1. I'd like the full set of residues that are more than 30 Å from Glu36 (Cα to Cα) and surrounded by 13 or more Cβ atoms within 10 Å (Cβ to Cβ), limited to the stretch 63-83.
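The values are calculated or read from the model by the stated rules, or taken from the named source; none is laboratory data. Please read these numbers as outputs of a predicted model, since none were measured by experiment. All Cβ positions, even for glycine, are placed from backbone atoms using ideal geometry, and neighbour counts span all protein chains on display.
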Amino acid sequence: KELGAMAEIPYIGSRISLISKAEIRYEGTLYNITMEESSIALQNVRSFGTEGRRRDGPQVPPQNEIYEIIIFKAEDIADLTVLSQAPPVQPYTDPAIISASAPAANPYGYGAPPAAPAVPPVDPWATPSATAAAAAQPYTDPA
């Protein structure tokens, strides 16, 4: 069962600090928890590296990149701390509203669906040999 609605998990939207079993610390916003996959997804994630935690092996430096989404396997998480809770969702103050709930989880799972790959336009009237021959000719300026 995918738990993504704020009404189901009060920590969705909270700022999280996560340390992996590789001793790397990440900070991001809790985006989703998937029970079947035993996974936790953070969004807008930054890696702070090992910060001196590794006793054996090389240290991992922090990174400047902000990752849109990182999905972690729960079994590979050594520590998880809630840094700040998400603000509560307040419905409009409209006397016509009897009750309201938070938006449902993203129907596509983690993040938006992938964009379609860019495909160059194809001339349906061109024959393959004519297209290849035109591509092989050097460009000459008509001026």
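1. Gln63
The rows are residues; the columns are (1) surrounded by 15 or more Cβ atoms within 10 Å (Cβ to Cβ); (2) modelled with pLDDT under 95; (3) within 14 Å of the chain's Cα centre (by Cα).
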| site | (1), (2), (3) |
| --- | --- |
| Leu3 | no, yes, no |
| Met6 | yes, yes, no |
| Gly13 | yes, yes, yes |
| Tyr26 | yes, no, yes |
| Asn32 | yes, yes, yes |
| Met35 | no, yes, no |
| Thr50 | yes, no, no |
| Arg54 | no, yes, no |
